[in-house]
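*Asks:* Please find one structure pasted underneath; my questions will follow.
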Amino acid sequence: MLTTRPKVADLTIQLYGRPLHPELFQIYRSRHVQRGKYQAKIDITSGGHVITWRCGGVTLTEVAAAAANPLPKARRLLFHRLRGDHHDIQRIRGAVYQVGFQLEIAEPEVFWGFQQELLLDGQRSGLLHTFDGGGRLAMGAVSCVHLETCDRGLWVQAFHTFPADLAIVKTQSLFELDDGACDA
């Protein structure tokens with residue numbers, strides 16, 4: 001299990017068609033959501049986040065983590081290294097999953113300004129965790145996750161900063177019921 005923030009170059013986004021054991025991750029903050037036919041758990045972890053979404057007999061788990069994190073390959077539906085911009089869509093037994101992510105390397109002033117905005121915004125309306133700077137940096141990394149729910153789906157927007165690399169990872173994920181979805 002990783003206990004410190006990984007290098008941004010090592011990050012991946014993965015989707016599983018099953019839950020993953022929480023002991024695989026160092027979890028810093030969590031939130032549970034139940035709405036309509038689905039429920040979800042959102043965790044901020046050392047490498048990013050874990051979202052576990054359940055509806056009827058369907059479980060989808062999105063993981064933003066380091067490639068070196070020892071995750072199983074069984075029932076892995078998607079694997080992408082977090083580089084540049086990317087979008088993907090998966091249809092799984094009555095559910096639709098969409099993800100978009102972007103890795104941005106910023107100028108120092110832009111990076112630190114963005115991180116300050118995340119701190120202010122996250123304290124008001126998001127799931128927020130500030131990591132220790134580790135002595136080298138006055139302020140450590142920040143992870144901020146915003147949720148929007150409706151009866152048919154969950155939209156998650158996550159921001160993870162990596163000060164050593166002046167990098168910002170932005171993800172947008174949608175877990176949505178398809179017509180007649182999740183009727184076990």
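The values are calculated or read from the model by the stated rules, or taken from the named source; none is laboratory data. Note that the structure is a prediction, hence the values are computed from the model and not measured. Ideal geometry is used to build each Cβ from the backbone, glycine not excepted, and the neighbour counts take in all protein chains shown.
*Asks:* Could you check THR161 against (1) buried (at least 21 other Cβ atoms within 10 Å of the Cβ); (2) in a helix (DSSP H, G or I) and say which number it fails?
*Replies:* Of (1) buried (at least 21 other Cβ atoms within 10 Å of the Cβ); (2) in a helix (DSSP H, G or I), only one is false for THR161: (2).
*Asks:* While we're here: Condition test on GLN115, is it under 23 Å from ALA9 (Cβ atoms) and part of a strand (DSSP E or B)?
*Replies:* Numbers: under 23 Å from ALA9 (Cβ atoms): yes; part of a strand (DSSP E or B): no.
The answer is no for GLN115.
*Asks:* Then there's this: Looking only at residues that are surrounded by fewer than 17 Cβ atoms within 10 Å (Cβ to Cβ) and within 19 Å of GLN26 (Cα to Cα) in region 125-158, which one is modelled with the lowest pLDDT?
*Replies:* GLY134
*Asks:* Does HIS87 satisfy being surrounded by 16 or more Cβ atoms within 10 Å (Cβ to Cβ) and either assigned to a helix (DSSP H, G or I) or not aromatic (Phe, Trp, Tyr) (or both)?
*Replies:* On the way: surrounded by 16 or more Cβ atoms within 10 Å (Cβ to Cβ): no; either assigned to a helix (DSSP H, G or I) or not aromatic (Phe, Trp, Tyr) (or both): yes.
The answer is no for HIS87.
*Asks:* What about THR45, is it in contact (Cβ under 8 Å) with a residue 12 or more places away in the chain, in contact with a Lys or Arg (Cβ under 6 Å, 6 or more places away or on another chain), over 16 Å from TRP155 (Cα atoms) and not hydrophobic (A, V, I, L, M, F, W, C)?
*Replies:* On the way: in contact (Cβ under 8 Å) with a residue 12 or more places away in the chain: yes; in contact with a Lys or Arg (Cβ under 6 Å, 6 or more places away or on another chain): no; over 16 Å from TRP155 (Cα atoms): yes; not hydrophobic (A, V, I, L, M, F, W, C): yes.
For THR45, the condition - in contact (Cβ under 8 Å) with a residue 12 or more places away in the chain, in contact with a Lys or Arg (Cβ under 6 Å, 6 or more places away or on another chain), over 16 Å from TRP155 (Cα atoms) and not hydrophobic (A, V, I, L, M, F, W, C) - is not met.
*Asks:* Another question, if that's okay. When you go through ALA64, ALA74, ALA68, ALA158 one by one, which is the residue that is within 24 Å of GLN14 (Cβ to Cβ) and in contact with a Pro (Cβ under 8 Å, 6 or more places away or on another chain)?
*Replies:* Numbers: ALA64 fails: in contact with a Pro (Cβ under 8 Å, 6 or more places away or on another chain); ALA74 fails: in contact with a Pro (Cβ under 8 Å, 6 or more places away or on another chain); ALA158 fails: in contact with a Pro (Cβ under 8 Å, 6 or more places away or on another chain).
Going through ALA64, ALA74, ALA68, ALA158 in turn, the sole match is ALA68.
*Asks:* Same structure, new question: Any chance region 128-140 includes a residue that's on the phi > 0 side of the Ramachandran plot, touching a Ser or Thr at 6+ places or on another chain (Cβ under 9 Å) and not hydrophobic (A, V, I, L, M, F, W, C)? Give the derivation first.
*Replies:* First, the residues of region 128-140 that are on the phi > 0 side of the Ramachandran plot: 134-135.
If we keep only those that are touching a Ser or Thr at 6+ places or on another chain (Cβ under 9 Å) as well, we get 134.
Imposing the further condition that a residue be not hydrophobic (A, V, I, L, M, F, W, C) reduces the set to 134.
Looking through region 128-140, at least one residue is on the phi > 0 side of the Ramachandran plot, touching a Ser or Thr at 6+ places or on another chain (Cβ under 9 Å) and not hydrophobic (A, V, I, L, M, F, W, C).
*Asks:* Shifting gears a bit: Could you grab me the full set of residues in region 57-79 that are assigned to a loop (DSSP other than H, G, I, E, B) and either on the phi > 0 side of the Ramachandran plot or surrounded by 15 or more Cβ atoms within 10 Å (Cβ to Cβ) (or both)? Give the derivation first.
*Replies:* So the first thing to find is which residues in region 57-79 are assigned to a loop (DSSP other than H, G, I, E, B), and the list is 57, 67-75.
Within region 57-79, ALA67, ASN69, LEU71, ARG75 qualify.
*Asks:* Out of all the residues in region 72-82, which are farther than 22 Å from PHE159 by Cβ and in contact (Cβ under 8 Å) with a residue 24 or more places away in the chain? Spell out the reasoning first.
*Replies:* To start, the set of residues in region 72-82 that are farther than 22 Å from PHE159 by Cβ comprises 72-77.
Result: PRO72, ALA74, ARG75, ARG76, LEU77.
*Asks:* Ok, one more. All but one of (1) touching a residue at least 24 places away in the same chain (Cβ under 8 Å); (2) outside any strand (DSSP E or B) hold for HIS129; state the number of the condition that does not hold.
*Replies:* Unmet condition: (2).
*Asks:* Could I ask something else about it? So LYS41 passes all but one of these: (1) under 21 Å from GLY140 (Cα atoms); (2) of a type outside the set (Phe, Trp, Tyr); (3) part of a strand (DSSP E or B). Which condition number does it fail?
*Replies:* Only one criterion is unmet by LYS41, namely (1).
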